[in-house]
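Visitor: Below is a structure I'd like to ask you about.
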């Protein structure tokens, strides 16, 4: 991702593979799949950049990167289970027990490994941060579901949802390094604010593209969130304005032909696209500003550049 | 459960309710349900008795009890999900998304709370013990599934499965108190051995009753494990002996009429019932013997009496 931390990222791949080793063949297979999948390693990259910025001890930084990435992977696995069930709703397809066991137990196994890393780190403050982060991820996930079920769509709740989905874990990656390296409260707070704002921008971008992106670029049809009953920022203004047509589409999970296309039209008419873009710009601005008080160095510049790249994708 | 620790158990109920509080209504509701359900609180009782035995600090003992019970509840919730899916296999019933969200996310929320308790306890050794315990629970669960899928039924693997399902968490309840109160290695090992043997006896008893118990007393039909593809100790001897009829029944998950009754007959003919009873007696004996080196006191006698009660149920 960033040449500055290429060596740490290579070491990270070896370490995370070791963390997921198990004598149980099925668990080992899942672990290998996950390591093979790789991904962008955004959170570990952030941890390593924060480590470079704070001149933190290498092994402590590595442990933060591993703990945060494993918690992220566990939450993806548990999310997949929920989404998987949802896409099968109303179909006669038998629910595959194998998929269930894989998702739940391999996610739990990763959480067990997080505990092991916390034990080695021996920092109560970092354990407390991870506890808070994990609780907020769960609360965000359940709240998203509760919003759809109780039809309580509002901006403050949406904010809590996107923070739980993405921001708290992005923040934990950089704040965690501050915690384990005993940085000052001001530094910790600056990195936390950066991570939260970047995380919100990241999730807002995801929500924007899910409805308003180019299906060819995305590699999937738009409107996935709508079909899962999720109301995101581009749509929220219409709902708050009491737009009856939009509300009807949201309530039937865009189940009628042409629903997604019509809602996109309504969103553009009401400026939901521009409002979301400017919300993202605001968060990117906030993320960059949060680091202004920290000493300038290549790591800080690299951290500042990352959120801007997110903004560029929806401009 | 035991008058000796009545006060601690009452305090425990208040504390666990507080642990499960959340601003998210759906999570709060699940927490209340769980607290309301109560259960026998076997693991907290064991922790409090170990605390009395070791004259451990009250708050440290309480935290072990809370952490172990929350991990237990989380694993039950995640187990339920898997079993739930299984009973629906082959049916046209839509999988209920609500049930999924509840099970996965409220289990995860409890795991997040475990992390919070570990942060307050500040003992790396206890965190490491909980990490190991959680990993072995997952491994046991996946291994049980792997046995059925790969049709690899043998006694050593069965041992790992029952340890993961029950023994490691029973052991963590008593060993955890030894760890947080800095007991000697010998004391820690004695309590661990007690908990492992008691836990194995407990799970063997469960497995015995599931096939050979009285449906009226159990409140459910016998043979539940068979229908989920699980081979337990009463049946294992038949499989190891290559009994073709038993193997066929096991492979079709006792799906034909009369299968369960026929397998019970075969088990009794081959002495699988008596072998299981004597395995339980052996574990109860081992649990009691493990505590022999510790100083005699009412708490030790209470700990010794608990496994015997399990044995009585299958005599």
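The values are calculated or read from the model by the stated rules, or taken from the named source; none is laboratory data. These numbers were taken from a predicted model, which means no experiment stands behind them. So basically every Cβ, Gly included, is an ideal-geometry build from the backbone, and we count neighbours across all protein chains shown.
To keep it simple, each residue is scored yes or no on (1) more than 16 Å from residue A:190 (Cα to Cα); (2) touching a helix residue (DSSP H, G or I) at 6+ places or on another chain (Cβ under 7 Å).
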residue	(1), (2)
A:251	yes, no
A:265	yes, no
A:274	yes, no
A:278	yes, no
A:283	no, yes
A:289	no, no
A:295	no, no
A:308	yes, yes
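Visitor: Please find, among A:292, A:286, the residue that is assigned to a loop (DSSP other than H, G, I, E, B), at pLDDT 95 or above and either under 30 Å from residue A:55 (Cα atoms) or within 20 Å of the chain's Cα centre (by Cα) (or both). Even if it seems obvious, please write down each step before you answer.
Guide: Details: A:286 fails: assigned to a loop (DSSP other than H, G, I, E, B).
After applying the criteria, what remains is A:292.
Visitor: May I ask you to list the residues in the range A:164-186 that are in contact with a helix residue (DSSP H, G or I) (Cβ under 7 Å, 6 or more places away or on another chain) and surrounded by fewer than 22 Cβ atoms within 10 Å (Cβ to Cβ)?
Guide: If the condition is that a residue be in contact with a helix residue (DSSP H, G or I) (Cβ under 7 Å, 6 or more places away or on another chain) and surrounded by fewer than 22 Cβ atoms within 10 Å (Cβ to Cβ), then A:181, A:183 are the ones that fit.
Yes or no, residue by residue, for (1) surrounded by 19 or more Cβ atoms within 10 Å (Cβ to Cβ); (2) within 23 Å of residue A:141 (Cα to Cα):
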site	(1), (2)
A:231	yes, yes
A:252	no, yes
A:276	yes, yes
A:285	no, no
A:302	yes, no
A:307	yes, no
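Visitor: Follow-up. Any idea how many residues of the range B:145-162 are within 9 Å of another protein chain (Cβ to nearest Cβ) and surrounded by fewer than 23 Cβ atoms within 10 Å (Cβ to Cβ)?
Guide: Residues of the range B:145-162 that are within 9 Å of another protein chain (Cβ to nearest Cβ), as a first pass: B:145-146, B:149-150, B:160.
Still in the running and surrounded by fewer than 23 Cβ atoms within 10 Å (Cβ to Cβ): B:146, B:149-150, B:160.
Summing the residues that are within 9 Å of another protein chain (Cβ to nearest Cβ) and surrounded by fewer than 23 Cβ atoms within 10 Å (Cβ to Cβ) in the range B:145-162 gives 4.
Visitor: Evaluate the following for residue A:54: is it over 23 Å from the mean Cα position of the chain (by Cα), at pLDDT 75 or above and more than 14 Å from chain B (Cβ to nearest Cβ)? Reasoning before the result, please.
Guide: Details: over 23 Å from the mean Cα position of the chain (by Cα): yes; at pLDDT 75 or above: yes; more than 14 Å from chain B (Cβ to nearest Cβ): yes.
Yes; evaluated as a whole, the condition is true for this residue.
Visitor: Now for a different question. Identify all residues within the range A:254-274 that are surrounded by 15 or more Cβ atoms within 10 Å (Cβ to Cβ) and on the phi < 0 side of the Ramachandran plot; write none if there are none. Reasoning before the result, please.
Guide: We begin by selecting, within the range A:254-274, every residue surrounded by 15 or more Cβ atoms within 10 Å (Cβ to Cβ); these are A:254, A:259-260, A:262-264, A:266-267, A:270, A:272-273.
If the condition is that a residue be surrounded by 15 or more Cβ atoms within 10 Å (Cβ to Cβ) and on the phi < 0 side of the Ramachandran plot, then A:259, A:260, A:262, A:263, A:264, A:266, A:267, A:270, A:272, A:273 are the ones that fit.
Visitor: Filter the range B:295-315 down to the residues that are in a helix (DSSP H, G or I) and under 16 Å from residue B:47 (Cα atoms) and list them by number. Steps first, please.
Guide: Quick first cut of the range B:295-315, residues in a helix (DSSP H, G or I) only: B:298-312.
Across the range B:295-315, the qualifying residues are B:298, B:299, B:300, B:301, B:302, B:303, B:304, B:305, B:306, B:307.
Visitor: Is it true that some residue in the range B:81-96 is away from chain A (no Cβ under 14 Å), at pLDDT below 75, part of a helix (DSSP H, G or I) and surrounded by fewer than 23 Cβ atoms within 10 Å (Cβ to Cβ)?
Guide: Going through the range B:81-96, the residues away from chain A (no Cβ under 14 Å) turn out to be none.
No; the residues of the range B:81-96 include none that is away from chain A (no Cβ under 14 Å), at pLDDT below 75, part of a helix (DSSP H, G or I) and surrounded by fewer than 23 Cβ atoms within 10 Å (Cβ to Cβ).
Visitor: Which one is surrounded by the fewest Cβ atoms within 10 Å (Cβ to Cβ) among residues in the range B:233-250 that are assigned to a helix (DSSP H, G or I) and without any contact (Cβ under 8 Å) to a residue 24 or more places away in the chain? Steps first, please.
Guide: First, the residues of the range B:233-250 that are assigned to a helix (DSSP H, G or I): B:233-240, B:244-250.
Now narrow it down to the ones that are without any contact (Cβ under 8 Å) to a residue 24 or more places away in the chain: B:244-249.
On the way: B:244: 8, B:245: 13, B:246: 22, B:247: 17, B:248: 12, B:249: 23.
So, considering only residues that are assigned to a helix (DSSP H, G or I) and without any contact (Cβ under 8 Å) to a residue 24 or more places away in the chain, the one surrounded by the fewest Cβ atoms within 10 Å (Cβ to Cβ) is B:244.
Visitor: Scan the range B:1-9 and tell me whether some residue there is away from chain A (no Cβ under 14 Å), in contact (Cβ under 8 Å) with a residue 12 or more places away in the chain, assigned to a helix (DSSP H, G or I) and out of contact with any helix residue (DSSP H, G or I) (no Cβ under 7 Å at 6 or more places or on another chain). Please lay out each step first, then the result.
Guide: Going through the range B:1-9, the residues away from chain A (no Cβ under 14 Å) turn out to be B:1-9.
Applying the additional criterion that residues be in contact (Cβ under 8 Å) with a residue 12 or more places away in the chain yields B:1-2, B:4-5, B:8-9.
Filter once more, keeping what is assigned to a helix (DSSP H, G or I): B:4-5, B:8-9.
Now narrow it down to the ones that are out of contact with any helix residue (DSSP H, G or I) (no Cβ under 7 Å at 6 or more places or on another chain): none.
Checked the range B:1-9: no residue is away from chain A (no Cβ under 14 Å), in contact (Cβ under 8 Å) with a residue 12 or more places away in the chain, assigned to a helix (DSSP H, G or I) and out of contact with any helix residue (DSSP H, G or I) (no Cβ under 7 Å at 6 or more places or on another chain).
Visitor: Touching a helix residue (DSSP H, G or I) at 6+ places or on another chain (Cβ under 8 Å) and in contact (Cβ under 8 Å) with a residue 60 or more places away in the chain: does that describe residue B:151?
Guide: Judged against the criteria, residue B:151 is a match.
Visitor: For the range B:116-144, give me the residue count where each residue is part of a loop (DSSP other than H, G, I, E, B) and facing chain A (nearest Cβ under 7 Å).
Guide: Keep residues of the range B:116-144 that are part of a loop (DSSP other than H, G, I, E, B), which gives B:122-123.
Subset that is facing chain A (nearest Cβ under 7 Å): B:122.
Total meeting the criteria: 1.
Visitor: Residue under question is residue A:9, and the condition is that it be closer than 30 Å to residue A:200 by Cβ, surrounded by fewer than 23 Cβ atoms within 10 Å (Cβ to Cβ) and at pLDDT 90 or above; does it hold? Talk me through it step by step, then tell me what you get.
Guide: Details: closer than 30 Å to residue A:200 by Cβ: yes; surrounded by fewer than 23 Cβ atoms within 10 Å (Cβ to Cβ): yes; at pLDDT 90 or above: yes.
So residue A:9 passes the test.
Visitor: Give me the residue from the range A:106-115 that is free of Cβ contacts under 8 Å to residues at least 40 places away in the same chain and within 14 Å of residue A:26 (Cβ to Cβ) and, out of that set, farthest from the other protein chains (Cβ to nearest Cβ).
Guide: As a first pass, look at the range A:106-115 and keep what is free of Cβ contacts under 8 Å to residues at least 40 places away in the same chain: A:107-108, A:112, A:115.
Remaining after also requiring within 14 Å of residue A:26 (Cβ to Cβ): A:107-108.
Numbers: A:107: 8, A:108: 5 Å.
For the range A:106-115, the residue satisfying everything is A:107.
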